[in-house]
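First up is the structure itself, then whatever we jot down about it.
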2 protein chains.
Amino acid sequence: MSKLISITEAAEFLATHDKYTVLTHAHPDGDTLGSGFALVSALRSLGKKANVFCPDPIPHKFDYLTAEGQQEFTPETVISVDVADDKLLGCLQGEYKEKVSLAIDHHSTNVGFAERLYLEGDSAAAAECVYRVIKEMGAKVTPFIASCLYTGLATDTGCFKFSNTTPRTHIFAAELMQYGADYDEINRVMFEVKTQSRLEMERRVLNGIEYICDGRCAIVTVTQAMIKETGCDSSDMDGIAAMSRQIEGVQIGITVREKADGRWKISLRTFEPYDAAAICQNFGGGGHKRAAGCEFETEAEAKEKLKAYITSIM
Amino acid sequence: MSKLISITEAAEFLATHDKYTVLTHAHPDGDTLGSGFALVSALRSLGKKANVFCPDPIPHKFDYLTAEGQQEFTPETVISVDVADDKLLGCLQGEYKEKVSLAIDHHSTNVGFAERLYLEGDSAAAAECVYRVIKEMGAKVTPFIASCLYTGLATDTGCFKFSNTTPRTHIFAAELMQYGADYDEINRVMFEVKTQSRLEMERRVLNGIEYICDGRCAIVTVTQAMIKETGCDSSDMDGIAAMSRQIEGVQIGITVREKADGRWKISLRTFEPYDAAAICQNFGGGGHKRAAGCEFETEAEAKEKLKAYITSIM
């Protein structure tokens, strides 16, 4: 298990070491990347060498985070940001899982793979923790660092929409805007822009949407052919599974998705009084009250059995 | 013209009058309604009689703002919130345009129709001004008032996404959360939930989307038949016109919309280096560099002429 350390100890650790590799998690999102590039920029401003190292390619929409480039040096100290479990290091797990000297994280579920852990379980984003560490180190918050951290705050909270947002998240956002975060352009790129592939996927999903029980249950279908023909990547698919439960009046939203192995994965989201886990348990699956899943061999079997069961309880 | 008054004078006016009618603008949005119901609740808590009066039916998604009901009394004093021009009073214009004793607003373009005007031109939302007025009056910010004001802040800024958001907007949001605003449920209803009519409109719009110039120009079409057949109301149509310019790689986004009178209204949105006003001036229209419009007699004429011109300049 990691040794839990305070913010003062985290800042002191960073001040007394050098030549940093800052690891992000695999399938990187705005929070792990924003946190990583902000920390690296702050460390460099204090005369340290530092690079971000991401297990997967960085999606193009985050190009602005990489503006300060990579440095040449032989790494000595490994840090991770927003990594709750060494499994999330993806292809870097084997090489790095035992070498992380300090993890900075906001997941209270952090498994403690690093030697030291600076954890803020009440922060909406890892960027909140990194922001506080940067200030504790006495580094200047430049407009670039502010933009990196704002990206983390905004993406992990759905632009301050989700229930993980706290008053402190808003106060940090206000401060980062004052430090020069390019917030409106960041929000445009993160929340407004959609690829043509994504729009084509939405079109096909909407064309195939099915309602049962007077519109109280909606079923959305995503096939491997749809993914292949539209050219969607995983970041284009973000939020597609949520479409069925965002429809007014829908109490049970179902996404039926063909997996790469040909089996069919069901994601079920419910509102009161329906228990998603209880429904999925009938079909060998499980999960939580509001979100659960199960699997079937074929699309026809999945839809037939789900529709019959849901019609019987609604 | 209105007499411009300070926040102290606005609070003093409200303290020394009674029996308030608080007018919102027509086609009400979250800001005018949230501001109105918050102000009414605060006035009542100080022993005053007060009701919100809205020129149009209040869309159902705002039902939670009306929870405190209407009072019985003979009105004496008329206030408006978020109303920049007496024309925006809609069907109430004739009756009220000369009777508004105090306008509270954040539009620096306010035409000055009221006797007194408390204006904060740098506020993202009228709710910011009303929040400050409520505190100046010494009223308690209840969870209900906080939810009303949060609704105004969030809806007028696209949930803190748009460039009108300021650090102060975030600080107020943090304070309103601390006062008990039901922010995650409000955000779900305002930004996540879509009606079946809206989804059906999106489906039809996506089915008809046209790209020209290698996807650098996208054309979206909305007909009266689509509006009628989907059953969309004006609040369902919010954001439909923006769809064409949210597509990655699109530099000119065009919405071609059939008006009730059968003519075709073109809305054009551009990114650098294209000048929307210059394009629309060719067809007798005009506007701003990034957003402009013009009209045509028929859909065929609109599309033919626009496509030919845009192909020639791209």
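The values are calculated or read from the model by the stated rules, or taken from the named source; none is laboratory data. Given the structure is predicted, the values throughout are model-derived calculations rather than measurements. Ideal geometry is used to build each Cβ from the backbone, glycine not excepted, and the neighbour counts take in all protein chains shown. These accessible areas exclude ligands, DNA and RNA; they are computed on the full protein's heavy atoms, side chains included. Shrake-Rupley method; radii C 1.70, N 1.55, O 1.52, S 1.80 Å.
When residue A:74 is tested against the conditions (1) assigned to a loop (DSSP other than H, G, I, E, B); (2) within 14 Å of chain B (Cβ to nearest Cβ); (3) of a type in the set (Ser, Thr, Tyr), the lone failure is (2).
Checked against (1) surrounded by fewer than 24 Cβ atoms within 10 Å (Cβ to Cβ); (2) under 21 Å from residue B:4 (Cβ atoms), residue B:140 passes all but a single condition, namely (2). Of the listed requirements (1) farther than 30 Å from residue A:246 by Cα; (2) at pLDDT below 95, residue B:79 misses just one: (2). What do you reckon, is residue A:199 among the aliphatic types (A, V, I, L, M) and over 27 Å from residue A:291 (Cα atoms)? When the stated conditions are applied, residue A:199 does not pass them. A count restricted to the stretch A:271-295 and to residues that are assigned to a helix (DSSP H, G or I) and open to solvent by 50 Å² or more (accessible area, probe 1.4 Å) stands at 1. Would you mind stating whether residue A:17 is at positive phi, open to solvent by 40 Å² or more (accessible area, probe 1.4 Å) and not charged (D, E, K, R)? Considered against the rule, which asks whether it is at positive phi, open to solvent by 40 Å² or more (accessible area, probe 1.4 Å) and not charged (D, E, K, R), residue A:17 comes out as no.
Scanning the stretch B:235-243 turns up at least one residue that is surrounded by fewer than 19 Cβ atoms within 10 Å (Cβ to Cβ), touching a residue at least 60 places away in the same chain (Cβ under 8 Å) and assigned by TED's automatic domain parsing to the domain that holds residue B:307.
The number of residues in the stretch A:244-257 that are open to solvent by 50 Å² or more (accessible area, probe 1.4 Å) and in a strand (DSSP E or B) comes to 1.
In the stretch B:142-174, the qualifying residues are those that are farther than 23 Å from residue B:83 by Cα and in contact (Cβ under 8 Å) with a residue 24 or more places away in the chain, and the one that is farthest from the other protein chains (Cβ to nearest Cβ) is B:142.
Scan A:311, A:298, A:221 and give me the residue that is more than 25 Å from residue B:190 (Cα to Cα) and open to solvent by less than 20 Å² (accessible area, probe 1.4 Å).
Selected residue: A:221, the only one of A:311, A:298, A:221 that is more than 25 Å from residue B:190 (Cα to Cα) and open to solvent by less than 20 Å² (accessible area, probe 1.4 Å).
For the criterion of being within 14 Å of chain B (Cβ to nearest Cβ), open to solvent by 50 Å² or more (accessible area, probe 1.4 Å) and of a type in the set (Lys, Arg), residue A:216 passes. Residues in the stretch A:188-207: is at least one of a type in the set (Phe, Trp, Tyr) and closer than 22 Å to residue A:270 by Cα? Scanning the stretch A:188-207 turns up no residue that is of a type in the set (Phe, Trp, Tyr) and closer than 22 Å to residue A:270 by Cα. The number of residues in the stretch B:88-105 that are part of a loop (DSSP other than H, G, I, E, B) and open to solvent by less than 20 Å² (accessible area, probe 1.4 Å) comes to 0.
Scanning the stretch A:175-208 for residues that are within 30 Å of residue A:311 (Cα to Cα) and more than 7 Å from chain B (Cβ to nearest Cβ), we see that the one that is surrounded by the fewest Cβ atoms within 10 Å (Cβ to Cβ) is A:208. On the stretch given as the stretch A:121-133, residues that are over 20 Å from residue A:64 (Cα atoms) and either part of a helix (DSSP H, G or I) or open to solvent by less than 40 Å² (accessible area, probe 1.4 Å) (or both) total 5.
Of everything listed in (1) in contact (Cβ under 8 Å) with a residue 40 or more places away in the chain; (2) closer than 18 Å to residue A:89 by Cβ; (3) charged (D, E, K, R), the single unmet condition for residue A:19 is (2). Taking (1) facing another protein chain (nearest Cβ under 8 Å); (2) farther than 30 Å from residue B:134 by Cβ in turn, residue B:261 satisfies each apart from (1). Please verify whether the stretch A:119-127 includes one or more residues that are in the same structural domain as residue A:39 (by TED's automatic domain parsing) and within 16 Å of residue A:21 (Cβ to Cβ). Taking every residue of the stretch A:119-127 in turn, none turns out to be in the same structural domain as residue A:39 (by TED's automatic domain parsing) and within 16 Å of residue A:21 (Cβ to Cβ). You will find that of A:104, A:145, the residue that is in contact with a Phe, Trp or Tyr (Cβ under 6 Å, 6 or more places away or on another chain) and not polar (S, T, N, Q) is A:104 and no other.
What tally of residues in the stretch A:45-84 results from selecting those that are open to solvent by less than 10 Å² (accessible area, probe 1.4 Å) and either charged (D, E, K, R) or outside the structural domain of residue A:124 (by TED's automatic domain parsing) (or both)? Residues in the stretch A:45-84 being open to solvent by less than 10 Å² (accessible area, probe 1.4 Å) and either charged (D, E, K, R) or outside the structural domain of residue A:124 (by TED's automatic domain parsing) (or both): 1 in total.
Residues of the stretch B:1-35 that are in contact with a strand residue (DSSP E or B) (Cβ under 6 Å, 6 or more places away or on another chain) and more than 30 Å from residue B:60 (Cα to Cα): B:2, B:3, B:4, B:5, B:10, B:13, B:17.
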